[in-house]
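One structure below.
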Protein chains: 2
Amino acid sequence: MSSNARNDVSEQQESAAKTGHRLSRRHLLLGGAAAGIGAAGAIGVDVVVKGGIGASAPQTVPLFSGTAAVPFFGVHQAGVDTEPQSRVTFVALNLLPEVDRAALRRMMRILTDDAARLTQGEAALADSEPELAVVPARLTVTFGFGPGLVAVAGGEAPGWLRPLPAFTIDRLQPEWNDGDLLLQIASDDPLTVAHATRMLLKDLRSFATVRWVQSGFRRAAGSEKPGTTMRNLFGQVDGTANPDVGTTDFDGLVWSQADNPGWLVGGTGFVLRRISMNLDKWDGLDRSGRESAIGRTLANGAPLTGTQEQDVPDFTATTPLGFPVIPEFSHLRRARSENTAQRIHRRGYNYDDAPTGAAVSNSGLLFACFQADVDAQFVPIQTRLDTLDLLNEWTTPIGSAVFAIPPGCTKNGYIGDTLF
Amino acid sequence: MSSNARNDVSEQQESAAKTGHRLSRRHLLLGGAAAGIGAAGAIGVDVVVKGGIGASAPQTVPLFSGTAAVPFFGVHQAGVDTEPQSRVTFVALNLLPEVDRAALRRMMRILTDDAARLTQGEAALADSEPELAVVPARLTVTFGFGPGLVAVAGGEAPGWLRPLPAFTIDRLQPEWNDGDLLLQIASDDPLTVAHATRMLLKDLRSFATVRWVQSGFRRAAGSEKPGTTMRNLFGQVDGTANPDVGTTDFDGLVWSQADNPGWLVGGTGFVLRRISMNLDKWDGLDRSGRESAIGRTLANGAPLTGTQEQDVPDFTATTPLGFPVIPEFSHLRRARSENTAQRIHRRGYNYDDAPTGAAVSNSGLLFACFQADVDAQFVPIQTRLDTLDLLNEWTTPIGSAVFAIPPGCTKNGYIGDTLF
Ligand code: HEM
Ligand code: HEM
């Protein structure tokens, strides 16, 4: 009977593997739950999986479960290689002038302790609403350090830890830029994100003030088959060409090695670009124009030279008239380098704020990406896109921030302990 | 085999019934899917429910399913007695001065047509991103008419269709008040809400401008057992004492009868109060102070005189010192009238916007409620709470709007057709 349940989950995993996607942590968690971790079945919508004739007690298999938790402690911080949750809030803070190295250490201890609890569905230490903490729904809290914080800590900053070079396409609004400390708070449940954000901001009250808050979303967990690539508000499949989590390729691209300051080994670099998307203008473009702008189909994200999302684009293929099938100025062509070291791990979210005036949307992408070296990996791509990218016609970067994501920590340590 | 699947669903229904909650539409939809409506299994997270020995093809039962759809056509509009979805966007619009009765009719035909499609997971007629329309996730679109719209239509407005009387606790900010037309767009998927909102606002471009947009959330669908009452950002169980959908009690309280203008029969009245909640101040209060303010426990929402959420409060019970166990000035005591006609159907959502300055939250409740007669049902409650309610110490109404919700329509009609 329980072997039946196990079989079912293996079938799910197998079919996920067939689609060419990595097995997500989520799958693994569900696998664990099905194999008998009872707690996960306590809350959440379960289906009773009946065994063969004569089976006694029914076995429950939670699917999307509010109790699913992502481990907090480890070599790396969670929230980087975690299968993206449905909701995110990014918060950047300014350190108060009186905060020194000792205060920073205190601050990171408190934050680590509360984040570790909250991500496991436990109340924070001084949780004022402990009843809101019981549904982690894969909550992760990821901390990032800006140049200001590293300076106060007296640490060595990686060369790339500074505002990005100015790009001609940028129309940056200062209220969306930079910061000393970053919190990336992500979960499949919006109430969980709200509660965790508040608890951590309470911890920070005597150390920092809020600089900006940006919230984003993807489809609800469970809306689509696990492993489905997200769509952005242009309707595009967005996130196809990403390094596969769990491969050495991913590890090499994302996790800091010896070329970064020692405290950052096992960490990574983070870029957030708030990119406004002009949906009204986009709607003026016909379907084939849209597909040319990207170099992929709208239907399933296949390259214009293929039929399946994961097909390898053929940049040499030409139309009967001799033009490249994937236009040279398409986003796909311009974003992809011959130099395979110039790749990044994208983990973005849609944003959709209240429109004002005659506009019927105020929408865009919280373009978020992780890479070991921002200068060597992100900047060349953004520079190429700045020079030429059909998509620039409909997109405008209005915010920009860079943070160093320190490594994870052990149960006895705290995030950032390698820096202090 | 398929009878097995059916049994499992009946078990779910039975257990939901045991919790004392009505069977939600969602349950019923899932029941339908399990009984063999194949389409619902096409997308979404499925569990393979295996039959007995020798079963051939596996049967799938979607749990939280992006494909679950709420019927659009009917006697009443959906989104009133629908089990609340996880996400909502309320939009109020101002009609353009040139819009006359004929234009209004055109407008409502277009909106009805697109809402009917979108709620069923179909693209809108001129959908610019049809790929975003495929996941309804119980999308409902509910239309409301303000006094301005009814006047242009030349219809008779119910007496209560006007701004609420001024209350002493109100600190209304004009940007959150009133409006000619209301859209309530709710779904378990945030991308679905964003897409539907945009499609409908595109329809409205030549008829109206956006007055305000307010978005809210509850726990993600599937985070908790179906039928769990929501919690607000004070951590309180919020929504316990609500009339039961599907009862004559509910029908009498919510759906307009002959005492309203004829075009509104089968419709209802809607009040939205944007109520800011001072979480910082609330956190200064100890647990027993909080429970006294409401008259219910934080742990499970039971009245202070009981142990279970649904226990009937005993207002005569006293403490050893002779004080009422449920304080006379508690929200529960003040909100409940001896007159059982003075009741409303609450269907609110949390909001959590970006904090500014030293505040660590900008949060509150989109207090939304439906009742056949706003003056006879809502106003007496709000007046009592205005006079005295311990909760006023921590809550401030900052927005207020009243709309008439016309009845539903048939496939050949359109929302509002009884008015035109
Ligand atoms: C609103 C702005 C943007 C939109 C709507 C957008 C959309 C897309 C889409 C639809 C794809 C193809 C599918 C995929 O592989 O994900 C793509 C690919 C990609 N984009 Fe963007 N993108 C935006 C901004 C950026 C920025 C700012 C960067 C980096 C500077 C970037 C880097 C990439 C990369 C590296 C790829 C993969 C290219 C490859 O196939 O190797 N994108 N983007
Ligand atoms: C932010 C503001 C508010 C908060 C936090 C709040 C919270 C609560 C809570 C926790 C309960 C008890 C559980 C329940 O039955 O749902 C309750 C009950 C109730 N509230 Fe509120 N409420 C607020 C504003 C209002 C307003 C503005 C009204 C109407 C004018 C209202 C009307 C009611 C009613 C009718 C009940 C049920 C009372 C009964 O047991 O019969 N509330 N509220």
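Details
- Of the residues making up the range A:191-242, those that are away from ligand 1 (no atom under 16 Å from the Cβ) and on the phi > 0 side of the Ramachandran plot number 1.
- The lone exception for A:THR319 - which of (1) in contact with a Leu (Cβ under 7 Å, 6 or more places away or on another chain); (2) polar (S, T, N, Q); (3) open to solvent by 40 Å² or more (accessible area, probe 1.4 Å) it fails: (1)
- Here B:ARG334 clears all of (1) surrounded by fewer than 20 Cβ atoms within 10 Å (Cβ to Cβ); (2) basic (Lys, Arg); (3) touching a helix residue (DSSP H, G or I) at 6+ places or on another chain (Cβ under 9 Å) except the condition numbered (1).
- Some residue of the range A:154-164 being over 19 Å from A:TYR349 (Cβ atoms), without any contact (Cβ under 8 Å) to a residue 60 or more places away in the chain, more than 10 Å from chain B (Cβ to nearest Cβ) and not charged (D, E, K, R): yes
- Inter-residue pairs, beta-carbon under 6 Å, first at the interface with another protein chain (Cβ under 7 Å from one of its Cβ atoms) and in the range B:183-200, second open to solvent by 10 Å² or more (accessible area, probe 1.4 Å) and in a strand (DSSP E or B), 6+ apart: B:PRO190/A:PHE217; B:PRO190/B:ARG87; B:ALA194/A:ASP352
- Whichever residue in the range B:127-147 is open to solvent by 10 Å² or more (accessible area, probe 1.4 Å) and outside any loop (DSSP other than H, G, I, E, B) and, among such residues, is nearest to B:ASP113 (Cα to Cα): B:PRO130
- Matching option when the condition is small (Gly, Ala, Ser) and within 9 Å of ligand 2 (Cβ to nearest atom), among B:SER292, B:SER276, B:SER223: B:SER276
- Any hit, the range B:239-254, residues being within 16 Å of ligand 2 (Cβ to nearest atom) and surrounded by 23 or more Cβ atoms within 10 Å (Cβ to Cβ): yes
- Residue within the range A:349-367 that is of a type outside the set (Lys, Arg), within 13 Å of ligand 1 (Cβ to nearest atom), away from chain B (no Cβ under 14 Å) and in contact with a helix residue (DSSP H, G or I) (Cβ under 6 Å, 6 or more places away or on another chain) present: no
- Of the residues in the range B:214-221, not one is without any contact (Cβ under 8 Å) to a residue 40 or more places away in the chain and under 26 Å from B:LEU279 (Cβ atoms).
- Each residue in the range B:149-198 was checked for being open to solvent by less than 30 Å² (accessible area, probe 1.4 Å) and assigned to a helix (DSSP H, G or I), and 12 of them qualify.
- For the range B:202-211, the set of residues classified as at the interface with another protein chain (Cβ under 9 Å from one of its Cβ atoms) and either free of Cβ contacts under 8 Å to residues at least 12 places away in the same chain or open to solvent by 10 Å² or more (accessible area, probe 1.4 Å) (or both) consists of B:LYS202, B:ARG205, B:THR209, B:VAL210, listed by residue number.
- Among the residues of this structure, A:ASN260 does not count as one that is within 14 Å of another protein chain (Cβ to nearest Cβ), more than 10 Å from ligand 1 (Cβ to nearest atom) and within 24 Å of the chain's Cα centre (by Cα).
- Positions within the range A:100-126 being surrounded by fewer than 19 Cβ atoms within 10 Å (Cβ to Cβ) and in a loop (DSSP other than H, G, I, E, B), in sequence order: A:ASP100, A:GLN120, A:GLU122, A:ALA123, A:LEU125, A:ALA126
The values are calculated or read from the model by the stated rules, or taken from the named source; none is laboratory data. None of the values given here were measured: they were computed from a predicted structure. Using ideal geometry, Cβ is built from the backbone for each residue, glycine included, and neighbour counts are taken over all protein chains shown. Each accessible area value is taken on the protein alone, full model and side chains, heavy atoms only, with ligands, DNA and RNA left out. Shrake-Rupley method; radii C 1.70, N 1.55, O 1.52, S 1.80 Å.
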